[in-house]
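Taken together, the values in this text are just the output of simple stated rules run on the coordinates, not laboratory data. Please read these numbers as outputs of a predicted model, since none were measured by experiment. FYI the Cβ positions are ideal-geometry reconstructions off the backbone, even for glycines, and counts take in every protein chain you see.
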Amino acid sequence: MAGMSLDFSEAELHRYSRHILLAEVGATGQAKLRAARVLVVGAGGLGSPLALYLAAAGVGTIGIVDHDTLELSNLQRQVAHDTDRLGQGKAESAAGTIRRLNPEVRVEVHARRMDAAAAEALIPRYDLVCDGTDNFETRFLLGDACHLLGRTLVSAAVLRFEGQLSTYKSHLGAPHPCHRCLHPEPPPPGLVPTCSEAGVLGAVTGVMGTLQATEVLKEILGIGAGLSGRLLLWDSLEARFRDIRLRRDPGCALCGETATIHDLSAHAMEAMTPVCGVA
């Protein structure tokens, strides 16, 4: 995060006053947020609350990647958009909402599919990456790319009444695991139902996207206990959180001692199989 300055305008001091009151944040922490560059992949059910809370918090630059257009069925959970924008690109729609919420934030719109070429071009331009996507291929691409390109990844997923969240920073070495330490390969097509098949409670995406934003802010500020090496699970019907310990796998194909994945060539021709229409 280059170019960090403690020179705030009166409007900024007033806007972020509740942050600055926190001993763990203060003016220095707020300056870190302003200097940060965060890439949000997916402007849907997870990406909407995620991007809005990052903008409200004063993250200086937010990149939004989404190639999709807004449909009526999205509005049950994708709160960065509204009915008047049906048919508009989600990335541009979310950017407009962010700009109205906080004009101090710079929004960079990337209305393109997140494929291997996009990952290699975009990820190095940001400090941290957030995965709010709706298919296993993109999730695995982001996990591989962030490890290989040296970026922290905060990843969330939802289905029906449940959500999960973790932070991956395996590029820093042991003891941090990567996403393939948890799931070595994507599941076979059709094994996991999509949201259009199984459904999703809209508010669940709001909770998980907000938790995702919280973990991003903690990573930028360097405060609290992070989720690297942990998988946070939430069952909304039972109103219960569970925390599962993740360990780095010495035999992992991506981050293990004899890793076999050294580039993104395997992702070059993948088709996207939706798992949940949150993005």
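Structural remarks
- When segment 206-215 is filtered for residues that are surrounded by 20 or more Cβ atoms within 10 Å (Cβ to Cβ) and under 19 Å from residue 58 (Cα atoms), the ones remaining, listed by number, are 209, 211, 212, 213, 215.
- Listed here are the helices (runs of 4 or more DSSP H) enclosed by segment 1-88 that have at least 1 residues being in contact with a strand residue (DSSP E or B) (Cβ under 6 Å, 6 or more places away or on another chain) and within 19 Å of residue 209 (Cα to Cα): 47-57.
- Within segment 216-263, the only residue that satisfies the criterion of being assigned to a strand (DSSP E or B), surrounded by 14 or more Cβ atoms within 10 Å (Cβ to Cβ) and basic (Lys, Arg) is 230.
- Any hit, segment 100-107, residues being in a helix (DSSP H, G or I) and surrounded by 18 or more Cβ atoms within 10 Å (Cβ to Cβ): no
- Restricting segment 135-189 to residues that are among the basic types (Lys, Arg) and within 13 Å of the chain's Cα centre (by Cα), the residue that is surrounded by the fewest Cβ atoms within 10 Å (Cβ to Cβ) is 151.
- Total residues in segment 234-271, condition within 22 Å of the chain's Cα centre (by Cα), over 21 Å from residue 170 (Cβ atoms) and free of Cβ contacts under 8 Å to residues at least 60 places away in the same chain: 2
- Cβ pairs under 7 Å, 6+ apart, first in segment 62-89 and touching a residue at least 12 places away in the same chain (Cβ under 8 Å) and within 23 Å of residue 128 (Cα to Cα), second part of a loop (DSSP other than H, G, I, E, B) and of a type in the set (Val, Ile, Thr): 62/105
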